[in-house]
Amino acid sequence: MNNEHGHQHDSTTHGSDSAHVHAVAQAADHGSAHGDDKFTFNKLLDQLGDHHELNIFFGHYEILPVILLDESNNPHVYPNVHAMEDAGVYTMHHPGHGHHIVRTHAAHTEKEACPLTHAGPSWDLSITNFVAYQWIAMILVTILFFIARSRYKKAPMEAPRGIQNVLESLVMYVRDQIVQPNVGTEKRASRLMPFMMSLFFFILTLNLISLLPGAHAATGALPVTMALATCTLIVVNYIAFKDAGVKAWFSHLLGGAPVYIAPIMVPIELVGIITKPFALMIRLFANMTAGHIVLMSLVGLIFFFAQEMGTTVGWGVAPISVLFSVFIYLLELLVAFLQAYIFTMLSAVFVGLALGDHAHDDHHHAEAH
Amino acid sequence: MDAVAFAWLSAGIGLGITVFGVGTGIGRLAAAALEASSRQPENAGDIRTTMIIGAALIEGVALLAGVVCILLAVKNPS
């Protein structure tokens, strides 16, 4: 029976006043299509998740390619979700909540008897919504920095103007307030700057993109934050290996305790190495997700009251809901900057911690050699 | 009450306790930072930085609890 659901929200472009309203309305829509009229929290989470369409500015655009690998690693490449459904091998399945790609009924009956649950592809390598946002962010940051760079090349001694001003103050802030005080020497700070600035501007741009109408937070997805945190893990340990030395890195595992406590200290310190990036990952994910859940819940209250107590009450609740969500939206604007700052700052702090006493002893090395 | 009702109840209560703890923690942190920077305004910048790191760490633990609460709240009623 499952495959009857087919594709509930098809390629018709949905215009509406606010994309959040639209998403919530759509979430409610999903529910009613399945005999479950209640507007629930699960549907909000589903809306915040990854999609196979580009969601931005009041619409869904099915322009993202779908790349699937089936059980025998044969690639299935389609230009968009609609083409995938037309081809008939895979289809988008919407159970009570959530959505995922499964094999169609037809594709199963060709081979063997139809199983109760339709198997999904073994790998889904599609260019999804979040991947597209990240590419947009990368391109945007690159273009902005190239504009600023060309200005500096043209007039190196003149006062900065326009976008150059914004970037210069942010870059100076990242260097002088975030990286430099935490990693010890100026030399190491300028070595770390490319990484830290990439982190800062990438996260900041993604956070700000997520506040555009209709967009989702790519930094509110665990895989994205996990990749960023993994980069931090690698950089922190690489710098510790390189600057403090392999011996110092291993002696850090003891945590300064006598050797006979090693069986206790080494596992604890090893866990500590993993926990710090893990906390970074959860922090960014949860902060961005929480803000969007609150926003959507506040707008969802309108629909909730309209459903439970009639349209008039829904209209009555609307102004209050909108006021609160504007407030939360402004708070989210602060959080967007704050989270980029915190992620970069903690990465720098972790570099400093991993170096330990070696953070300030560049000149010692110079004297020794 | 069935298991799902218990899950929803515990999500609500858990979030309440989390918010209580975090509110207390960050409140104390901000109070201490404010006091310190009013005594020594010349160190206000350093104090603010340290405060934000501390706040982020407290918030990180809280968000872990929040994620657990979300997982409880979206428990599938099937």
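Okay, here's what the table says:
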quantity: Qualifying residue in region B:9-19 (condition: part of a helix (DSSP H, G or I), over 22 Å from residue A:339 (Cβ atoms) and within 12 Å of chain A (Cβ to nearest Cβ)); calculated: yes
quantity: Residue match in region A:286-296 (condition: of a type outside the set (Phe, Trp, Tyr), without any contact (Cβ under 8 Å) to a residue 24 or more places away in the chain and within 14 Å of chain B (Cβ to nearest Cβ)); calculated: yes
quantity: Some residue of region A:241-249 being crowded, with 22+ Cβ neighbours inside 10 Å and under 28 Å from residue A:223 (Cα atoms); calculated: no
quantity: Residue within region A:334-341 that is out of contact with any strand residue (DSSP E or B) (no Cβ under 6 Å at 6 or more places or on another chain), assigned to a helix (DSSP H, G or I) and surrounded by fewer than 15 Cβ atoms within 10 Å (Cβ to Cβ) present; calculated: yes
quantity: Qualifying residue in region A:38-46 (condition: at pLDDT 80 or above and closer than 30 Å to residue A:201 by Cβ); calculated: no
quantity: Unique residue being more than 24 Å from residue A:48 (Cα to Cα), in a helix (DSSP H, G or I), within 12 Å of chain A (Cβ to nearest Cβ) and of a type in the set (S, T, N, Q) when the list is B:24, B:49; calculated: B:49
quantity: Boolean, residue B:55 is crowded, with 16+ Cβ neighbours inside 10 Å and part of a helix (DSSP H, G or I); calculated: yes
quantity: Residues satisfying the stated conditions in region B:52-70, i.e. at the interface with another protein chain (Cβ under 10 Å from one of its Cβ atoms) and of a type in the set (A, V, I, L, M); calculated: B:52, B:53, B:55, B:56, B:57, B:61, B:62, B:63, B:64, B:65, B:67, B:70
quantity: Count of residues meeting criterion [assigned to a loop (DSSP other than H, G, I, E, B) and not small (Gly, Ala, Ser)] in region A:199-254; calculated: 6
quantity: Residues within region B:19-58 that are of a type in the set (Val, Ile, Thr) and within 21 Å of residue A:176 (Cα to Cα), tallied; calculated: 5
quantity: Residue list for region A:128-142, restricted to those being free of Cβ contacts under 8 Å to residues at least 12 places away in the same chain and either under 15 Å from residue A:208 (Cβ atoms) or basic (Lys, Arg) (or both); calculated: A:139
quantity: Residues satisfying the stated conditions in region A:169-191, i.e. in contact (Cβ under 8 Å) with a residue 24 or more places away in the chain, in contact with a helix residue (DSSP H, G or I) (Cβ under 6 Å, 6 or more places away or on another chain) and assigned to a helix (DSSP H, G or I); calculated: A:174, A:178, A:179, A:182, A:183
quantity: Any hit, region A:254-264, residues being crowded, with 16+ Cβ neighbours inside 10 Å and either at pLDDT 85 or above or more than 30 Å from residue A:49 (Cβ to Cβ) (or both); calculated: no
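Residues checked against (1) of a type in the set (Val, Ile, Thr); (2) more than 14 Å from chain B (Cβ to nearest Cβ); (3) under 30 Å from residue A:211 (Cβ atoms):
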{"residue": "A:247", "(1), (2), (3)": "no, yes, no"}
{"residue": "A:260", "(1), (2), (3)": "no, yes, no"}
{"residue": "A:268", "(1), (2), (3)": "yes, yes, no"}
{"residue": "A:276", "(1), (2), (3)": "no, no, yes"}
{"residue": "A:309", "(1), (2), (3)": "no, yes, no"}
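The values are calculated or read from the model by the stated rules, or taken from the named source; none is laboratory data. Predicted model only: the values in this text are computed from it and were never measured. Glycine also receives a Cβ, built like all others from the backbone with ideal geometry; neighbour counts cover every protein chain displayed.
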